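First comes the structure, then the notes that go with it.
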Amino acid sequence: MGDKHAVHMELVARLRKQAGDVKRLTAGLSESQLATPTVPGKWSLKELVCHFRRMEEIFGERFDRLLTQD
């Protein structure tokens, strides 16, 4: 069971690092820059971050249960 827990903890660590990377990479960008898609027809950085936040809300509880179940 320890291996499963280690894999989950590694995933959580990766997600936390990615959150820090997003914050670092978007620091100093204006609202207009955040709201403008970098590729025509694709999501803007703001839309992507909002999507990530919503996915965290949906899947966060599931991750917690995975980490605490035997």
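The values are calculated or read from the model by the stated rules, or taken from the named source; none is laboratory data. The model shown is predicted, which means the values in this text are computed figures rather than measured ones. All Cβ positions, glycine included, derive from the backbone under ideal geometry; neighbour counts span all protein chains shown. Surface accessibility is based on the protein's heavy atoms, side chains included, excluding ligands, DNA and RNA. Shrake-Rupley method; radii C 1.70, N 1.55, O 1.52, S 1.80 Å.
A few notes on this one:
- Per-pair calculated FRET efficiency, R0 = 25 Å: Ser44 and Leu15 via Cβ, rounded to 0.05: 0.70
- Rounded to 10°, Cα long-axis angle of helix 2-26 versus longest principal axis of the chain: 20
- Three-way shape label, the chain, alpha-carbon gyration tensor, a/c 1.5: prolate
- A simple charge model with +1 on the Cβ of Lys and Arg, -1 on the Cβ of Asp and Glu and nothing else charged puts the dipole of the chain at about 220 debye relative to its Cα centre.
- Across region 38-70, the residues whose backbone nitrogen lies under 13 Å from the label position 7 Å along the beta-carbon direction of Lys4 are 65-70.
- Those lysines that a straight Cα-Cα span of less than 23 Å connects to Lys46, excepting residues fewer than 8 apart in one chain: Lys17, Lys23
- Rounded tilt (10° steps) of 45-68 against the dominant C-alpha axis of the chain: 10
- FRET E, pair Arg62, Gln33, Förster distance 30 Å, beta-carbon r, rounded to 0.05: 0.35
- When nucleic acids and ligands are ignored and a 1.4 Å probe is applied, Glu57 ends up with an accessible area of around 90 Å².
- Residue-level accessible surface for Lys46, protein heavy atoms, 1.4 Å, Å²: 90
- Over the chain, Cα pairs under 8 Å with separation of 6+ residues give a relative contact order of 34 percent.
- Estimated from helices alone, the mean residue ellipticity of the chain at 222 nm is -26000 deg cm²/dmol (sum of -39500 (n - 2.57) over DSSP H runs with n ≥ 4, per residue).
- Think of the chain as a dipole: +1 on every Lys or Arg Cβ, -1 on every Asp or Glu Cβ, centred on the Cα centre; then among Ala13, Trp43, Gln69, Trp43 lies furthest on the positive end.
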